[in-house]
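**Student:** My questions will all concern the structure given below.
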Amino acid sequence: MPTTQTSTQAQANRQTRDKKAFARTIESNQVSTFACFHWLSLAIKDFTKAPLISLIYGLIFSVVPVAIFYLVANTENHLIILPATIAFALIGPAFATGLYDVAWELEKGHKPTMSHSLKSMFRNPVGEWGFAILLMICMIAWTRLAALIHALYPNTVNPTFEELTFFLGFGTLVGAAMAAVVFTISAFTPQIMVERRVDIMTAVISSVKAVNKNVFAMFAWALVILGFVLVGFLTQGFGFILIMPVLSYASWHAYIAVIKTKRERHYE
């Protein structure tokens, strides 16, 4: 009888620990408003240390925006640019995992390899692919919203700017709100799951709390990302060959600076 009670108590303790582990969040630091420029300087150094891998991933990233411009040129439908741009921003973090691994290897003083970075996508498969699905759901939600917003487009052949004002304004507000939500949940989630074997809820909630703790710094970082993305599209997508690796490395340094660890990290 005592043995049974002890076993039952031990099982209850394990369940309590599991619940706490699932619901826990990782503490974060507070950084300066313009810390993102320091992250970018470190990212450029990472790029120069691993140029070949960086360019390979950059080419992979550039395929999507180049395809967008190809579709626009062939369909002559410029309305697909806005939803496609947001969709690209939504799925970007999921494909940056390999570059996070490169930056992490450089931090540890190792020589990064393509095979090692590809394996990182399966280091925490449940969490990482669950997060990819979450981003995919957000992307699908945005495309549905974009389709509804398109119904507001003026039904005249050559609409004036005044006629387009409400359509453009409302679409921009909805897109900005959607981008803000996705940025908040994804700012540090993939980096956390690359380095730590935690569940997706722990990573997402930790990311949300870290962003809320550093509102001004994250707002500045979001503007920098937006600026780089605009430059990428202004170069018809080819600029992403350089832009996406640099942004990914900078995101890793943002993670190092913001998310707390048991030991202090000095990676400059």
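**Student:** Considering the stretch 210-258 alone, what residues qualify as being surrounded by fewer than 22 Cβ atoms within 10 Å (Cβ to Cβ) and outside any helix (DSSP H, G or I)?
**Tutor:** Answer for the stretch 210-258, where residues must be surrounded by fewer than 22 Cβ atoms within 10 Å (Cβ to Cβ) and outside any helix (DSSP H, G or I): 235, 236, 237, 238, 239.
**Student:** Another one. Considering the stretch 227-254 alone, what residues qualify as being of a type in the set (A, V, I, L, M) and modelled with pLDDT of 90 or more?
**Tutor:** Of all residues in the stretch 227-254, those of a type in the set (A, V, I, L, M) come to 229-231, 234, 241-244, 246-247, 250, 254.
Result: 231, 241, 242, 243, 244, 246, 247, 250, 254.
**Student:** Only residues that are open to solvent by 60 Å² or more (accessible area, probe 1.4 Å) and β-branched (Val, Ile, Thr): list them for the stretch 173-198, please.
**Tutor:** Of everything in the stretch 173-198, just one residue is open to solvent by 60 Å² or more (accessible area, probe 1.4 Å) and β-branched (Val, Ile, Thr), namely 181.
**Student:** Among the residues of the stretch 124-144, is there at least one that is outside any helix (DSSP H, G or I) and surrounded by fewer than 14 Cβ atoms within 10 Å (Cβ to Cβ)? Working first, answer last.
**Tutor:** Of the stretch 124-144, the ones outside any helix (DSSP H, G or I) are 124.
Those still in the list that are surrounded by fewer than 14 Cβ atoms within 10 Å (Cβ to Cβ) too: none.
Within the stretch 124-144, not a single residue is outside any helix (DSSP H, G or I) and surrounded by fewer than 14 Cβ atoms within 10 Å (Cβ to Cβ).
**Student:** Could I ask something else about it? For the list (1) open to solvent by less than 10 Å² (accessible area, probe 1.4 Å); (2) of a type in the set (Ser, Thr, Tyr); (3) not in a helix (DSSP H, G or I), I need the number of the one condition that residue 153 fails.
**Tutor:** Unmet for residue 153, out of (1) open to solvent by less than 10 Å² (accessible area, probe 1.4 Å); (2) of a type in the set (Ser, Thr, Tyr); (3) not in a helix (DSSP H, G or I): (1).
**Student:** Residues to consider are 186, 207; find the one that is closer than 21 Å to residue 104 by Cα, small (Gly, Ala, Ser) and free of Cβ contacts under 8 Å to residues at least 40 places away in the same chain.
**Tutor:** Numbers: 186 fails: free of Cβ contacts under 8 Å to residues at least 40 places away in the same chain.
None of the others qualify; the one that does is 207.
**Student:** Right, next: Is there any pair with a first residue in the stretch 116-136 that is in contact (Cβ under 8 Å) with a residue 40 or more places away in the chain and within 28 Å of residue 50 (Cα to Cα) and a second that is open to solvent by 30 Å² or more (accessible area, probe 1.4 Å) and charged (D, E, K, R) whose Cβ atoms are under 7 Å apart and which are 6 or more apart or on different chains, and what are they?
**Tutor:** 124/197; 127/199
**Student:** Here's another thing I want to ask about it. Would you be able to tell me the number of residues in the stretch 156-172 that are open to solvent by 50 Å² or more (accessible area, probe 1.4 Å), hydrophobic (A, V, I, L, M, F, W, C) and assigned to a helix (DSSP H, G or I)?
**Tutor:** Taking the stretch 156-172 as the starting set, the residues that turn out to be open to solvent by 50 Å² or more (accessible area, probe 1.4 Å) are 156-158, 160-163, 165-166, 168, 170, 172.
Next cut, hydrophobic (A, V, I, L, M, F, W, C) only: 157, 161, 166, 168, 170.
Adding the requirement that they be assigned to a helix (DSSP H, G or I) leaves 161, 166, 168, 170.
Going through the stretch 156-172 one residue at a time, the tally reaches 4.
**Student:** Anything in the stretch 100-123 that is surrounded by 12 or more Cβ atoms within 10 Å (Cβ to Cβ) and either in contact with a strand residue (DSSP E or B) (Cβ under 9 Å, 6 or more places away or on another chain) or farther than 21 Å from residue 202 by Cα (or both)? List them, or say none. Can you show your working first?
**Tutor:** So the first thing to find is which residues in the stretch 100-123 are surrounded by 12 or more Cβ atoms within 10 Å (Cβ to Cβ), and the list is 100-107, 112-114, 116-121, 123.
Passing the criteria: 102, 103, 105, 106, 107, 112, 113, 114, 116, 117, 118, 119.
The values are calculated or read from the model by the stated rules, or taken from the named source; none is laboratory data. Nothing here was measured: the structure is a model prediction, and the numbers come from that model. Neighbour counts run over all protein chains shown; Cβ positions are idealised from the backbone, glycine included. Each accessible area value is taken on the protein alone, full model and side chains, heavy atoms only, with ligands, DNA and RNA left out. Shrake-Rupley method; radii C 1.70, N 1.55, O 1.52, S 1.80 Å.
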